[in-house]
Amino acid sequence: MPLLDLDSLTSYPSARSDCDPSAASDNGQRLSVASHGSTSSYFPEDDSCANCTDDDSRSTNSLHGSFSLPPSVCQHSYRFGRRYQTYRDDRYVLPNDEAEQAREALTHHMMLEALDGRHILAPIPDDVKMIMDLGTGTALWALDVADLYPGAEIHGVDLSPIQPSDVPANVKFFIDDIEDMCIGDAVYNYIHARFLCSFIQDPAAVIRRTFSKLKPGGWTELQELDHTIHCDDGSVTDDYPVQQYCKMTAKVTRELRGIDVQVAPKLGTMMEDAGYTDVRSTKYKVPIGEWVRDNGKDKKYRSLGEYMKYAVDWVIPPMCALNAPGMGWSEEETHEFVQKCHEALHDPSHHSYMYVYVWMGQKQDDPLA
Ligand SMILES: C[S@@+](CC[C@H](N)C(=O)[O-])C[C@H]1O[C@@H](n2cnc3c(N)ncnc32)[C@H](O)[C@@H]1O
């Protein structure tokens with residue numbers, strides 16, 4: 001399993017490098033209709049956005065297929081010194097710049113470490129044909145899966161045009177809003193979403209839609225972090241800044257955005273309500289920080305703690321910038337709080353951890369099919 005060089009990650013990756021709105025050469029800033037594959041897929045390209053139209057109707061960029069893209073999909077907006085997608089810009093709380101993409105790479109490797117190198121836990125056949133990755137992001141998972149299942153067609157969908165352009169022929173990307181779309185006309189044997197459900201307003205509705213887009217016998221798998229801090233030895237108290245951050249984020253995102261960042265344990269019930277059978281989950285403990293003993297036995301958890309330390313450290317600044325007005329915090333207060341969290345994350349005396357849930361459920365095989 002390829003691991004990131006964590007030694008090189010001693011500081012927060014620069015978000016400023018791609019923060020200049022006049023810099024138009026970013027790989028993720030231009031989209032065009034795919035030169036291969038389905039006409040309804042759009043791949044980021046470096047050259048001009050010839051496919052943009054002034055028509056901002058959703059049908060221009062949905063999985064239903066069409067040939068043009070609205071300008072809003074191709075641009076980015078800038079706030080708090082970070083870059084965000086403009087398509088449905090109020091939908092997603094995190095930036096899409098290089099710094100966030102680096103964080104996404106980190107969490108991708110963290111998940112592979114947690115799941116012992118496995119991308120998929122559901123019992124799908126080796127000859128699986130159609131795979132969907134909801135909220136694909138930079139598509140690291142989708143691209144790995146395309147290699148693992150060369151006979152399958154992988155569709156990745158996201159709000160942000162940040163997918164690479166040089167991809168295998170069995171991968172297609174779509175820019176769309178999962179909360180609104182019908183996930184196109186295709187039907188899938190396996191639908192996957194990682195770190196998505198705790199960022200959307202109505203995961204139950206999305207889960208119902210996945211059910212309708214699965215072939216009988218197909219599986220959906222949801223890999224999700226529960227943003228709740230746990231501790232078994234009393235070393236995390238209410239004044240632990242990272243605990244305060246988690247509680248503040250849960251409250252503000254719920255009250256101001258209608259998003260439940262602690263939805264992970266509830267996803268199984270939503271899957272059952274949607275009609276899935278054989279719904280089950282596995283829970284993985286992920287320490288936050290390097291507090292786990294550095295011995296052979298706990299090596300995996302030590303490594304997960306290191307990944308998680310950076311993943312949390314890098315997500316706190318944009319989340320706090322976004323939520324500070326909801327908390328009534330000034331810029332200076334926000335900055336001080338972010339600094340306190342940063343120091344706490346690097347202090348191994350707080351033995352905090354979170355759980356990652358991997359839920360899976362099957363759409364019952366149709367005996368008449
Ligand atoms: C935390 S990232 C996870 C990316 C990827 N699944 C992974 O595990 O590396 C969440 C992704 O979901 C996308 N996303 C969030 N809400 C969405 C929506 N309503 N429709 C489509 N994509 C969405 C974001 O743009 C972002 O790329």
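The values are calculated or read from the model by the stated rules, or taken from the named source; none is laboratory data. Keep in mind that this is a model prediction, so the values were computed, not measured. Glycine also receives a Cβ, built like all others from the backbone with ideal geometry; neighbour counts cover every protein chain displayed.
Filtering segment 316-354 to residues that are in contact with a helix residue (DSSP H, G or I) (Cβ under 7 Å, 6 or more places away or on another chain) and hydroxyl-bearing (Ser, Thr, Tyr) leaves THR334, SER352. So is ASP127 surrounded by fewer than 19 Cβ atoms within 10 Å (Cβ to Cβ), charged (D, E, K, R) and touching a Gly at 6+ places or on another chain (Cβ under 7 Å) or not? Considered against the rule, which asks whether it is surrounded by fewer than 19 Cβ atoms within 10 Å (Cβ to Cβ), charged (D, E, K, R) and touching a Gly at 6+ places or on another chain (Cβ under 7 Å), ASP127 comes out as yes. There is no residue in segment 144-151 that is touching a helix residue (DSSP H, G or I) at 6+ places or on another chain (Cβ under 9 Å), at pLDDT 95 or above and either away from the ligand (no atom under 13 Å from the Cβ) or among the polar types (S, T, N, Q) (or both).
In the set (1) small (Gly, Ala, Ser); (2) within 21 Å of LEU112 (Cβ to Cβ); (3) in contact (Cβ under 8 Å) with a residue 40 or more places away in the chain, the condition left unmet by GLY296 is number (3). Taking every residue in segment 108-121 that is at pLDDT 95 or above and pairing it with any residue that is part of a helix (DSSP H, G or I) and polar (S, T, N, Q), at least 6 positions away or on another chain, the pairs with Cβ-Cβ distances below 7 Å are GLU113/SER303. Just checking, does segment 252-273 include any residue being buried (at least 18 other Cβ atoms within 10 Å of the Cβ), of a type in the set (Val, Ile, Thr) and more than 14 Å from the ligand (Cβ to nearest atom)? Scanning segment 252-273 turns up at least one residue that is buried (at least 18 other Cβ atoms within 10 Å of the Cβ), of a type in the set (Val, Ile, Thr) and more than 14 Å from the ligand (Cβ to nearest atom). Flag set for TYR284, criterion: closer than 30 Å to TRP219 by Cα and hydroxyl-bearing (Ser, Thr, Tyr). Considering only residues in segment 270-284 that are assigned to a helix (DSSP H, G or I) and acidic (Asp, Glu), the one that is nearest to MET360 (Cα to Cα) turns out to be GLU272. Among the residues that make up segment 164-176, is at least one of them more than 12 Å from the ligand (Cβ to nearest atom) and assigned to a helix (DSSP H, G or I)? So far as segment 164-176 goes, no, none of its residues is more than 12 Å from the ligand (Cβ to nearest atom) and assigned to a helix (DSSP H, G or I).
Within segment 287-337, count every residue that is in a helix (DSSP H, G or I) and either more than 22 Å from the chain's Cα centre (by Cα) or more than 22 Å from ASN96 (Cα to Cα) (or both).
19
Scanning segment 257-293 for residues that are farther than 25 Å from ARG209 by Cβ and touching a residue at least 40 places away in the same chain (Cβ under 8 Å) gives LYS283, TYR284, LYS285, VAL286, PRO287, ILE288, GLY289, GLU290, TRP291. List the residue pairs whose Cβ atoms are under 7 Å apart, where the first residue sits in segment 73-102 and is on the phi > 0 side of the Ramachandran plot, the second is among the acidic types (Asp, Glu) and within 13 Å of the ligand (Cβ to nearest atom), and the two are 6 or more positions apart or on different chains. Matching pairs, first to second residue: ARG88/ASP177. Could you list, in sequence order, the residues of segment 246-261 that are assigned to a loop (DSSP other than H, G, I, E, B) and farther than 18 Å from TRP314 by Cα? Listed by number, the residues that qualify are GLY258, ILE259, ASP260. Listed conditions (1) at pLDDT 95 or above; (2) of a type outside the set (A, V, I, L, M, F, W, C); (3) in a loop (DSSP other than H, G, I, E, B) are all met by ASP365, apart from (1). For PRO216, the conditions (1) closer than 30 Å to ALA142 by Cβ; (2) surrounded by 16 or more Cβ atoms within 10 Å (Cβ to Cβ) all hold with the exception of (2).
Within segment 190-208, if we keep just the residues that are within 27 Å of MET319 (Cβ to Cβ) and assigned to a helix (DSSP H, G or I), the residue that is nearest to the ligand (Cβ to nearest atom) turns out to be PHE199.
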